[in-house]
Amino acid sequence: MSDLKLIIGNKNYSSWSLRPWIAMKQSGIEFDEELIPFHDMEAFHKEIAEYSGAKCVPVLLHKDAVIWDSLSILEYLSDIFPNQNLWPQSLEARGHARSICAEMHSGFTALRNALPMNLRRPLEKYPLSQDVQADVARITYVWREAREKFGKGGVFLYGAFSNADAMYAPIVSRFHTYGVPVDDDIRPYMDAVLGTPAFQEWQVEGLKETWIVKEDEV
Ligand SMILES: N[C@@H](CCC(=O)N[C@@H](CS)C(=O)NCC(=O)O)C(=O)O
């Protein structure tokens, strides 16, 4: 039993839960997990309220600490595992990574609302509104900028897998399942994330789930 426990939602749909989960798995951090499914919101809220008044997943439990919100969890993990390099090494790269994570966390609502994460959705192109196209353009711009400035040492945004890749993993999944057109230089980055053992494991488990969340089936 680990002293870290991550409370998550449905693997098929819970984009916010995927972020800390993939960061921990990909870094080899051992943790226990508890999945609270949210197809029945009343039951979900009752169960999650025992851990967090915010009534949202993910939540990280560590000894007496309770950390809620995916970005706070990534920051906390970086504090307790300073040798795991969850953020990139150089101050400039770290600042850039934190900026694109903050932008992700507080933005891209058009894309997030129109294209909910849904691993089991048949791979099929989906019409994109202008607002969604603008989000796609901005996301691919920051990915390209990170890769060109800081990513030369590896296949991820800042070379080695970092919290930034964890934050954007649900977006990679959406681009993939909704057949979002991307330039040729972007696809290898997406394939790198989709090909991580951690994402593969999450996907295998997500695809076994049978709960349906109607609002996320578009
Ligand atoms: N900002 C939060 C958002 C978390 C969030 O909205 N989680 C969804 C599941 S993916 C949830 O718990 N929804 C329950 C609800 O909205 O009542 C984070 O990053 O952790």
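Read the figures in this text as sums done on the coordinates, not as results from a lab. Please read all numbers here as calculations on a predicted model, not as lab measurements. Positions of Cβ are generated from backbone atoms using ideal geometry, with glycine treated the same way; all protein chains shown enter the neighbour counts.
Can you tell me which of Pro181, Pro88, Pro20 moves the most in a GNM of the chain? Springs connect C-alpha atoms under 10 Å apart.
In the Gaussian network model the winner is Pro181.
Just how far, in whole angstrom, is the stretch 69-124 from the stretch 156-210 if you go by their alpha carbon centroids?
Here the two parts' Cα centres lie 12 Å apart.
In debye, nearest 20: dipole of the chain around its Cα centre with unit charges on the Cβ of K, R (+) and D, E (-)?
Its charge dipole is roughly 440 debye.
Would you grab the residues whose amide H sits under 5 Å from the one on Leu35? Only those 5+ places off in sequence or on another chain, please, with H modelled 1.01 Å from N.
Sorted by chain and number, the residues that satisfy this are Ile8.
Looking at the chain, send over the antiparallel percent of its DSSP beta bridges, to the nearest 5.
70 percent
What relative contact order, as a whole-number percentage, does the stretch 4-84 give when Cα pairs under 8 Å and 6 or more residues apart are counted?
34 percent
What is the local net charge at Leu91, summed over the other residues whose Cβ is closer than 14 Å to its Cβ (Lys, Arg +1; Asp, Glu -1)?
It works out to a net charge of +2.
Which FRET efficiency, nearest 0.05, do Lys55 and Leu35 yield, Cβ-Cβ r, R0 22 Å?
0.90
Which of the lysines could a cross-linker bridge to Lys46, judged by Cα under 26 Å and excluding same-chain residues fewer than eight apart?
Lys5, Lys11, Lys55, Lys63, Lys208, Lys214
Within the set of other residues whose C-beta is less than 13 Å from the C-beta of Ile212, count the net charge using Lys and Arg as +1 and Asp and Glu as -1. Don't jump to the answer; show the numbers that get you there.
Values: positive: Arg120, Arg121, Lys214; negative: Asp40, Glu209, Glu215, Asp216, Glu217.
Computed value for this residue: -2.
According to the square roots a ≥ b ≥ c of the eigenvalues of the Cα gyration tensor, what is the shape class of the chain, taking rounded for a/c under 1.5, prolate for a/b larger than b/c otherwise, and oblate for the remainder? Display every interim value, and only then the final one.
Details: a/c = 1.71, a/b = 1.10, b/c = 1.55.
It comes out oblate by the Cα gyration axes.
Mind putting a number on the dipole of the stretch 4-84 about its Cα centre? Charges go on the C-beta only, +1 for Lys and Arg and -1 for Asp and Glu, and I need it in Debye to the nearest 20. Don't jump to the answer; show the numbers that get you there.
Details: 7 positive and 12 negative charges, 40 e Å.
Charge dipole, the stretch 4-84, about its Cα centre: 200 debye, nearest 20.
Among Val155, Gly179, Cys101, whose Cα projects farthest towards the positive end of the dipole of the stretch 91-201, with charges put on the beta-carbon of Lys, Arg (+1) and Asp, Glu (-1)?
Value: Cys101.
Please name whichever of His39, Ala134, Ala54 sits farthest to the positive end of the charge dipole of the chain, dipole taken about the Cα centre and charges placed at Cβ: Lys and Arg +1, Asp and Glu -1.
Result: Ala134.
Membrane-span-like helices in the chain: DSSP H runs reaching 18 Å or more (Cα, own axis), mean Kyte hydropathy at least -1.0? Before the final figure, lay out the partial values.
Working: long enough: 91-106 (22 Å, -0.39); 130-150 (30 Å, -0.76); 163-177 (22 Å, -0.02).
Going by DSSP H runs, the hits are 91-106, 130-150, 163-177.
Among Ser15, Ser173, Ser72, whose mean-square fluctuation peaks in a Gaussian network model of the chain (Cα, cutoff 10 Å)?
Sorting by GNM fluctuation, first place goes to Ser72.
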